[in-house]
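Asks: One structure is given below, represented as structure tokens, and several questions about it will come after.
The values are calculated or read from the model by the stated rules, or taken from the named source; none is laboratory data. All values reported here derive from a predicted model rather than from experimental measurement. Every residue, glycine as well, gets a Cβ built from its backbone with ideal geometry; the counts of neighbours run over all protein chains shown.
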């Protein structure tokens, strides 16, 4: 198993909420292509399990402020009692997909790419069927073993993607937060500050990861939001007028309009003339 230390989650409300969010998701999902959380424990000092955090902790339903205060109070009690470390116990995986893609001297063969992509899609199908959007898919959050098995990890950004299941506190995060997903894998609706987003943001990330496995480099290697938008526009062309009308951020809308009409590059050119199935797949998941 792998033992993951939970950092100072009480530092900010955002970190507190992210920690509890990941624990909640992992507690309720079980799939061959999703990393499993086997246990949670705290230790007193450097050695020895002290207190198990069971359903009394995991099953609570709190607002963002209440969550922050709960974990902060827990941390203060830990300091007074000498219990200063919290850990989660998870499946042990040997590598991240990022290490596999960029750590090998040779490119990945088509069989491995297909196998990794299939497992990623199976894990996502399970999550999306449950109404969960991961929202931070990237190669470093996909863990693999030497037997080529793959599991999705790091659910700190995960969110219920069904509006009916979002409480008032969560609704603001879901509909207003665009700063989720690492920049090279961030979907246009997040970059454009669209009024809402769904599990489609994960499918965009899948397309970026798929292309990265083939090209062995990031498909959209932006280093700022504006730079990322320009790279996407250069490759895929400008969005439709309907999408432009839905963009609430005036600065973003002006950036796109000033960029002008730009013909998208053909996918065979971007993907180095890979077979039709590859270009069809990227076209499908990276629609703009």
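Asks: Restrict the check to segment 257-269 and report whether at least one residue is assigned to a helix (DSSP H, G or I), more than 17 Å from residue 285 (Cα to Cα) and at pLDDT 85 or above.
Replies: yes
Asks: If you don't mind, there's one more thing I want to ask. Filtering segment 19-37 down to residues that are loosely packed, with under 13 Cβ neighbours inside 10 Å and out of contact with any helix residue (DSSP H, G or I) (no Cβ under 8 Å at 6 or more places or on another chain), which residue is modelled with the highest pLDDT?
Replies: Restricting attention to segment 19-37, the residues satisfying the condition of being loosely packed, with under 13 Cβ neighbours inside 10 Å are 28, 30, 32.
Add one more test, that the residue is out of contact with any helix residue (DSSP H, G or I) (no Cβ under 8 Å at 6 or more places or on another chain), and what stays is 28, 30.
Values: 28: 87, 30: 92.
The residue in question is 30.
Asks: Only residues in segment 105-130 that are within 15 Å of residue 281 (Cα to Cα) count as the first member; pair them with residues that are assigned to a helix (DSSP H, G or I) and at pLDDT 95 or above, Cβ under 6 angstrom, at least 6 apart or cross-chain, and list the lot.
Replies: From residues that are within 15 Å of residue 281 (Cα to Cα), there are no pairs.
Asks: Moving on to the next point. Show me the helices (runs of 4 or more DSSP H) found entirely inside segment 84-201 where at least 1 residues are modelled with pLDDT of 95 or more and surrounded by fewer than 21 Cβ atoms within 10 Å (Cβ to Cβ). Spell out how you get there, then give the answer.
Replies: Working: elements: 97-103, 110-129, 168-176, 188-191.
Here the list reads 97-103, 110-129.
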